[in-house]
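Report on the following structure.
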Amino acid sequence: MFIETEQTPNPLTLMFRPGRKVTGGDGVDVATPEAAGASPLAAALFALGDIDRVFFGYDFVSVTRNPAGAEWLGLKPQILGVLVDHFSSGAPLFTGTVAQATYDDDPADAEIVMQIRELIETRVRPQVADDGGDIVYRGFKQGTVFLEMQGACSGCPSSTMTLKMGIESLLKYYVPEVTDVRAI
């Protein structure tokens, strides 16, 4: 099995492409070893040590290493071994449900929220997925859009610029009710 490895804008995150679907749909962010219980693959990656976060995308896995831990030179072959073992075995990606935060929007903002979600789904998420991450809509309140940075985007040095200069500008242009965009 060949797994392609790509750098991301976040120097602490590498993206691994196994040449097949991973989630086949929305991304799943596993931000802690405790949250990895529902995924044998995430648990195996965290068991390597020096892993801070695992993100499963449509057709990739992003792994974020601890900045004080091992360098990629030593960690990358171990990660590749875990990935090859998992995908070769045919084991399921999940054996349970990974808890994801949910937020409620004001029903009076339904049309605005629909526009925001559409822009994020069609214009933002595909671009961010190319860099090994994801940005997920989490709410809209009094002009402010709340987004969650996942995968390579979480902790990335350029994520603030992407959020403010790119996403905020885009949303303000198309949805005049948007006055601010914040990461949660």
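The values are calculated or read from the model by the stated rules, or taken from the named source; none is laboratory data. All values reported here derive from a predicted model rather than from experimental measurement. Virtual Cβ from ideal backbone geometry, glycine too; neighbours counted across all protein chains shown. Remember, those area values only see protein heavy atoms, side chains included, never the ligands or the DNA or RNA. Shrake-Rupley method; radii C 1.70, N 1.55, O 1.52, S 1.80 Å.
Counting only the heavy atoms of the protein chains, how much of Thr122 is accessible to a 1.4 Å probe, in Å² to the nearest 10?
Per-residue accessible area (Thr122): approximately 80 Å².
As I understand it, the dipole of the chain uses +1 on the Cβ of Lys and Arg and -1 on the Cβ of Asp and Glu, about the Cα centre. Which of Val63, Gly27, Ser154 lies farthest toward its positive end?
The residue sitting most towards the positive pole is Val63.
If a/c stays under 1.5 just call it rounded; otherwise compare a/b with b/c (prolate if a/b is bigger, oblate if not). Do that for the stretch 1-116, with a ≥ b ≥ c from the square roots of the Cα gyration tensor eigenvalues.
Taking the square roots of the gyration eigenvalues as a ≥ b ≥ c, the stretch 1-116 is prolate.
I'd like to know how the stretch 17-59 sits against the 2.2 N^0.38 Å rule of thumb: what's its Cα Rg over that expected value?
Relative to the rule-of-thumb radius for its length, the stretch 17-59 sits at 1.12.
Quick check on the stretch 58-184: take the gyration tensor over C-alpha atoms, sort the square-rooted eigenvalues as a ≥ b ≥ c, and tell me if it's rounded (a/c under 1.5), prolate or oblate.
prolate
Just how large is the dipole of the chain about the Cα centre, in debye to the nearest 20, putting +1 at every Lys and Arg Cβ and -1 at every Asp and Glu Cβ?
Here the size comes out at about 360 debye.
Any lysines with Cα under 24 Å of the Lys141 Cα? List them, leaving off those in the same chain fewer than 8 positions away.
Lys164, Lys172
Can you find, among Ala42, Met15, Leu73, the residue farthest towards the positive end of the dipole of the chain? Put +1 on the C-beta of Lys and Arg, -1 on that of Asp and Glu.
Value: Leu73.
Averaged per residue, what accessible area in Å² does the chain show with a 1.4 Å probe, protein chains only?
51 Å²
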